[in-house]
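Below is one structure, written out as C-alpha cells, with a few remarks after it.
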Amino acid sequence: MNKHCKNNPEENPNQLRKDLKQAVKDKKNGETCFNCGQEIWAIGSAVAYQSCFSCLTGEADSSEDYEINEVCWS
C-alpha cells in the first residue's frame, strides 16, 4: 500500500485502506466482475470498480501477480 501511495500521490492512504478492506470483504462474499462474471481481483477492485484480473489488466494469466488471501490491520 505504501508503494502504491508513493507512486500515486493523489491517493488518500486512509481511503485506499478502507476500499481495500471492502474489496477483500466483497471477494470473500462471492462478488463477481461486473463485466464478465468471474471472481473479482481484490487488489485491483480497491482502486477500480469490482472487476476480475483479466478485465482490469487485459492479461489472461494472473499467476505471477499479487492477490490478497487475508487482510489484517489493527
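The values are calculated or read from the model by the stated rules, or taken from the named source; none is laboratory data. If you're wondering where the values come from, they're calculated on a predicted model, not measured in any experiment. Cβ: placed from backbone, ideal geometry, glycine included. Neighbour counts: every protein chain shown. We work out accessible area using only protein heavy atoms, side chains counted, and drop any ligands, DNA or RNA first. Shrake-Rupley method; radii C 1.70, N 1.55, O 1.52, S 1.80 Å.
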* Asked: For region 1-72, what is the accessible area per residue in Å², given a 1.4 Å probe and the full set of protein chains?
  -> 73
* Roll a 1.4 angstrom probe over the protein heavy atoms and tell me the percent of accessible area of the chain that is carbon or sulfur. => 43
* Asked: Is the shape of the chain rounded, prolate or oblate, going by the alpha carbon gyration tensor and its root eigenvalues a ≥ b ≥ c, with a/c under 1.5 for rounded and a/b larger than b/c for prolate?
  -> prolate
* Structure fact -> Count of lysine pairs, the chain, Cα-Cα under 23 Å, sep. 8 or more residues or interchain, comes to 8
* Structure fact -> The long-range amide H neighbours of residue 39, using H built 1.01 Å from N in the peptide plane and a cut-off of under 5 Å, are 33
* Asked: So how strong a dipole does the chain carry about its Cα centre when Lys and Arg Cβ are +1 and Asp and Glu Cβ are -1, to the nearest 20 debye?
  -> 400
* **Contact order normalised by residue count of the chain, Cα under 8 Å, 6+ apart, percent** => 23
* Mind pulling the angle between the C-alpha long axis of helix 13-28 and the longest principal axis of the chain? Nearest 10 degrees, somewhere in 0 to 90. => 30
* Using θ = phi - 60° and the Karplus form 6.51 cos²θ - 1.76 cosθ + 1.60, what ³J(HN,Hα) does each residue of region 34-48 get, whole Hz, x for Gly and Pro? -> 5, 8, 10, x, 6, 4, 6, 9, 4, 4, x, 6, 6, 10, 9
